[in-house]
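Asker: The structure's right below; bear with me while I get my questions together.
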Amino acid sequence: MEKGILFVVSAPAGCGKGTILGQILKDEKYYYSVSATTRKPRPSEQDGVNYRFLDKAEFEKLIAEDAFLEHAQYCDNYYGTLKAPIEENLAKGKHVILEIEVQGAMQIRQLCPDAKFIFIAPPSFETLRQRLEHRGTETPEVIEKRVNAAKKELEMKINYDYCIINDILDDAVADFKSVVRAEELKISRKA
Ligand code: 5GP
């Protein structure tokens, strides 16, 4: 059986990547890697579905056990990708999607040379700020931190293979599917 492809997706908070991936993940050919984090759950989030929510001591224990493929700190919290399910699902032929920030993505670049890197960008900073305010789950101080983090993250997009602008959702989803299809059809993959 053909191995799946590892797709690493990064986007500043508020770019709508959750909405795009929600559409993409309806297809069972994908496996979404559930990260661990020390961030507190948002009201709509469920442990084991959106993240594995851990406290700092639990997270640091997993670091010591070498359980993470990569991990990073983002806006005062730890986030990390657990190794075990990734290889297992790629071997089953599933495309694995990692939704991670840029520092973690650059670690994966070194570790997994076959991975494909997709950056999702907002049409403008104003749109990004409006989306974060509209979500209403963060304080103004956290929103400010995230907009500043987004500015730094956008400078990193040159390290990615593809950039998708999320202006109109359906177009962004179609672009994502086109990237996946092109990667599936690569001659080098069949070799
Ligand atoms: P949020 O708190 O909004 O869910 O996520 C904050 C940032 O952490 C996002 O850019 C998200 O992609 C990133 N993130 C989520 N899981 C991981 C992970 O396992 N590793 C890394 N490096 N970043 C992650």
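The values are calculated or read from the model by the stated rules, or taken from the named source; none is laboratory data. Predicted model only: the values in this text are computed from it and were never measured. Positions of Cβ are backbone-derived with ideal geometry, glycine not excepted, and every protein chain shown enters the neighbour counts.
Asker: Does region 69-77 contain at least one residue that is in a loop (DSSP other than H, G, I, E, B) and not assigned by TED's automatic domain parsing to the domain that holds residue 21?
Answerer: yes
Asker: Inside region 100-114, can you point out the residues that are away from the ligand (no atom under 13 Å from the Cβ) and not in a helix (DSSP H, G or I)? Can you show your working first?
Answerer: Let us first name the residues in region 100-114 that are away from the ligand (no atom under 13 Å from the Cβ), namely 110, 112-114.
Matches in region 100-114: 112, 113, 114.
Asker: Something else: Considering each residue of region 74-101, count those that are acidic (Asp, Glu) and surrounded by 18 or more Cβ atoms within 10 Å (Cβ to Cβ), and give that number. So that I can check it myself, show each step before the final result.
Answerer: So in region 74-101, the residues acidic (Asp, Glu) come out as 76, 87-88, 99, 101.
Among the residues that remain, those that are also surrounded by 18 or more Cβ atoms within 10 Å (Cβ to Cβ) are: 99, 101.
Residues flagged as acidic (Asp, Glu) and surrounded by 18 or more Cβ atoms within 10 Å (Cβ to Cβ) within region 74-101 amount to 2.
Asker: Name the single residue that is nearest to residue 110 (Cα to Cα) among those in region 173-186 being surrounded by 15 or more Cβ atoms within 10 Å (Cβ to Cβ) and more than 16 Å from the ligand (Cβ to nearest atom).
Answerer: Initially, region 173-186 is screened for residues surrounded by 15 or more Cβ atoms within 10 Å (Cβ to Cβ), giving 173, 175-176, 179-180, 183.
Narrowing further to those that are more than 16 Å from the ligand (Cβ to nearest atom): 173, 175, 179-180, 183.
On the way: 173: 28, 175: 26, 179: 21, 180: 21, 183: 19 Å.
Taking the candidates together, the pick is 183.
Asker: Another question about this same structure. May I ask you to say which residue of 117, 68, 125, 59 is touching a helix residue (DSSP H, G or I) at 6+ places or on another chain (Cβ under 9 Å) and within 12 Å of the ligand (Cβ to nearest atom)? Before the answer, list the steps.
Answerer: Numbers: 117 fails: within 12 Å of the ligand (Cβ to nearest atom); 125 fails: within 12 Å of the ligand (Cβ to nearest atom); 59 fails: touching a helix residue (DSSP H, G or I) at 6+ places or on another chain (Cβ under 9 Å).
Criteria check complete, one pass: 68.
Asker: May I pose another question? Within region 132-153, how many residues turn out to be in a helix (DSSP H, G or I), more than 12 Å from the ligand (Cβ to nearest atom) and not acidic (Asp, Glu)?
Answerer: Taking region 132-153 first, the residues in a helix (DSSP H, G or I) are 132-135, 140-153.
Then drop every residue that is not more than 12 Å from the ligand (Cβ to nearest atom), which leaves 133-134, 140-141, 144, 147-148, 151.
Applying the additional criterion that residues be not acidic (Asp, Glu) yields 134, 140, 147-148, 151.
The total comes to 5.
Asker: Quick test of your reading of the structure: residue 78 fulfils all but one of (1) touching a residue at least 60 places away in the same chain (Cβ under 8 Å); (2) touching a Ser or Thr at 6+ places or on another chain (Cβ under 6 Å). Name the failing condition by number.
Answerer: The single condition residue 78 does not satisfy is (1).
Asker: How about region 34-58: which of its residues are touching a residue at least 60 places away in the same chain (Cβ under 8 Å) and either in a strand (DSSP E or B) or within 16 Å of residue 22 (Cα to Cα) (or both)? Walk me through it before giving the result.
Answerer: From region 34-58, those touching a residue at least 60 places away in the same chain (Cβ under 8 Å) are 35, 42-43; that's our starting set.
Hit for region 34-58 is 35, nothing else.
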